[in-house]
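Peer 1: Right, I'll just put the structure down here and ask away after.
The values are calculated or read from the model by the stated rules, or taken from the named source; none is laboratory data. All values reported here derive from a predicted model rather than from experimental measurement. Because the Cβ atoms are built from the backbone with ideal geometry, glycine has one as well, and the counts that use them run over all protein chains shown. Side chains are part of the model used for accessible areas, which takes the heavy atoms of the whole protein and leaves out ligands, DNA and RNA. Shrake-Rupley method; radii C 1.70, N 1.55, O 1.52, S 1.80 Å.
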Amino acid sequence: MAGLIAGYQPSNLVQRIEIKIKPVDMLAWLSFQQDDVKIYGANQSDTVSIAGIGEAMCISGQSAKDLKVVFKKLRSFLSPQHPYMQWYGGFCFDDRHLDADWKEFGAYRFVLPRFELAAQDDKMIFCCNLIGKENIPAILKQLKTIKFKNISSLNVDWTIIRRSDDPGPSAWQKNVIKILSSTSVKKVVLARKTSFDFKAAPEPWTMLRQLKKVTPNSYHFAFQFKDSVFLGASPERLYRRYQRVIESEALAGTMPKSKDPKTLRGSSKNQYEHALVVDAIDKSFKEFCIAHKHDKSPGILTLANGHHLITKFQGKLKDSVSDEDILQSLHPTPALGGTPKKGALNMIRKLEGFSRGWYGAPLGYVGLDWAEFVVGIRSGLVQGKKLSVFAGAGIVQGSEPQAEWDEVENKISNFIKIIR
């Protein structure tokens with residue numbers, strides 16, 4: 001590898017070196033690197049995954065109002081010469097409502113890792129991304145610091161000192177009642193931040209490893225920027241585009257796994273909540289697709305801690321439609337924001353006493369002629385000795401404060417399982 005980099009001549013702005021290697025444990029690899037930028041992502045079946053350290057380049061900002069500019073910058077560095085190169089990152093839920101906890105993440109941040117592992121099935125490559133006239137001796141020095149160790153050598157202390165909920169039960173009940181008494185919204189997704197203070201700083205990559213064990217069939221992700229790590233196990237894809245084909249899904253309506261999934265199908269409250277999301281996505285697809293289709297009736301998606309109603313969409317995009325158009329239209333769906341969108345967002349800003357940051361926001365990758373974003377739910381933010389876990393519930397007519405509180409508690413249970 002050192003010889004390959006040493007022989008590099010910067011003839012183009014972007015260069016990418018790829019070599020085949022024997023598969024390694026990505027989370028172990030990430031655990032022992034010294035870089036303050038690390039990323040990880042894996043698909044639902046865990047057959048495709050990536051891990052990156054360092055930044056060959058970063059595109060970020062504190063306002064995401066002009067998505068066209070963001071995607072133009074990302075696309076300008078992609079070319080057929082490097083078909084496997086992708087940007088990894090995401091956007092915040094609402095750039096009008098950010099706080100200091102999310103300073104390093106910003107309204108958006110996309111990274112081209114300096115070094116990257118990419119795996120599909122049992123094949124893996126190690127990559128180095130180079131931009132312009134790089135300082136090759138410095139990169140070689142960084143390359144020598146990369147470590148490969150066994151994750152089992154880590155000692156993990158999950159001792160919890162305290163737990164706090166924002167909002168607490170009383171404030172939650174008042175917020176739900178305020179939403180139900182409003183005539184300007186049909187649905188508002190109300191979120192809660194549950195924080196755990198530990199005796200010792202939790203190791204986020206071990207946490208993600210444990211989370212993967214209890215959340216199969218989910219998109220697993222983690223983004224570390226300096227001392228903050230946002231990680232999670234999302235069951236929900238916002239959209240996937242490959243050339244002019246687009247896929248999306250409505251995921252709304254939830255019941256605990258202990259209950260019969262048929263109960264979910266028969267729940268008028270959950271069916272109504274789900275229908276609002278289906279209608280919103282269908283409206284978007286009509287705007288930017290030549291043709292599209294979706295499931296005639298919702299299916300049941302059963303995950304580790306619950307049953308969910310799901311409706312899948314597929315369409316063929318108009319030639320003029322780009323990723324910025326799709327993202328602008330779809331995010332946030334009523335599954336994460338509410339409906340009408342503007343009224344729901346205003347109510348979220350007013351009632352929630354914390355910034356969602358990247359929780360509930362689009363996270364993913366952008367490639368040469370493809371992109372995929374998942375919704376950053378079932379997620380948590382690790383900062384120092386604190387873990388803040390985020391989850392929400394859709395408040396519609398028929399919602400009961402205690403039942404919605406219990407739904408959120410059920411959604412964060414996967415994190416609680418692994419830290420107890």
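Peer 1: Express the relative contact order of the chain as a whole percentage, based on alpha carbon pairs under 8 Å and six or more residues apart in sequence.
Peer 2: Worked out over the chain, it gives 23 percent.
Peer 1: How would you rank 333-344, 57-68, highest first, on the average number of other Cβ atoms within 10 Å across their residues?
Peer 2: Per-residue mean Cβ counts within 10 Å order the peptides as 333-344, 57-68.
Peer 1: Now a separate question. Given labels modelled 7 Å from the Cα in the Cβ direction, how far is it in nm from A403 to N43?
Peer 2: So the two model labels end up 3.7 nm from each other.
Peer 1: With a 1.4 Å probe and every protein chain kept in, tell me what percent of the accessible surface of the chain is carbon plus sulfur.
Peer 2: About 51 percent, which is the carbon plus sulfur part of the accessible surface.
Peer 1: Here's another thing I want to ask about it. Work out how much length Y242 to N135 would gain on full extension: take 0.36 nm times their residue separation and subtract the Cα-Cα distance, in nm to one decimal.
Peer 2: Taking 0.36 nm per residue and subtracting the Cα distance, the gain is 35.0 nm.
Peer 1: I want to make sure I understand the PRE zone here: with the label point 7 angstrom from the Cα of I146 toward its beta carbon, which residues in segment 40-54 have backbone N atoms less than 13 Å away?
Peer 2: 51-54
Peer 1: Sticking with the crude label model, points 7 Å out along Cα→Cβ, report the distance from A100 to S76 in nm, one decimal please.
Peer 2: Rounded to a tenth, the inter-label distance reads 3.4 nm.
Peer 1: Please give the FRET efficiency for K385 paired with E18, using the beta carbon to beta carbon distance and R0 = 45 Å, rounded to the nearest 0.05.
Peer 2: Efficiency for this residue pair is about 0.70.
Peer 1: Among L381, G299, I326, whose Cα lies farthest out toward the positive end of the dipole of segment 289-414, if unit charges sit on the beta carbon of Lys, Arg (+1) and Asp, Glu (-1)?
Peer 2: L381
Peer 1: While we're here: Once you have the Cα-Cα distance between D66 and D197, take 0.36 nm times their residue separation minus that, and quote the gain in nm to one decimal.
Peer 2: Stretched fully, the D66-D197 segment lengthens by 43.4 nm.
Peer 1: Same structure again: Which value, in debye to the nearest 20, gives the size of the charge dipole of segment 34-144 about its Cα centre, when Lys and Arg are +1 and Asp and Glu are -1 at the Cβ?
Peer 2: I would put it at about 520 debye.
Peer 1: Now for a separate question. Just one of (i) 67, 55, 37; (ii) 69, 56, 42; (iii) 62, 49, 35 is Cα extents along the principal axes in Å calculated from these coordinates, so which is it?
Peer 2: Step by step, Cα extents along the principal axes in Å for this structure corresponds to label (i).
Peer 1: Quick check on my link table: of K269/K293; K65/K341; K38/K385; K262/K341; K72/K286; K73/K144, which ones sit more than 21 Å apart, alpha carbon to alpha carbon?
Peer 2: K269/K293; K262/K341; K72/K286; K73/K144
Peer 1: Leaving out ligands and nucleic acids, note down the accessible area per residue over the chain with a 1.4 angstrom probe, in whole Å².
Peer 2: That works out to 44 Å² per residue.
Peer 1: Separation between the N346 and I177 pseudo-spin-labels, each 7 Å from Cα along Cα→Cβ, expressed in nm?
Peer 2: Taking the two extended label points, one gets 2.3 nm.
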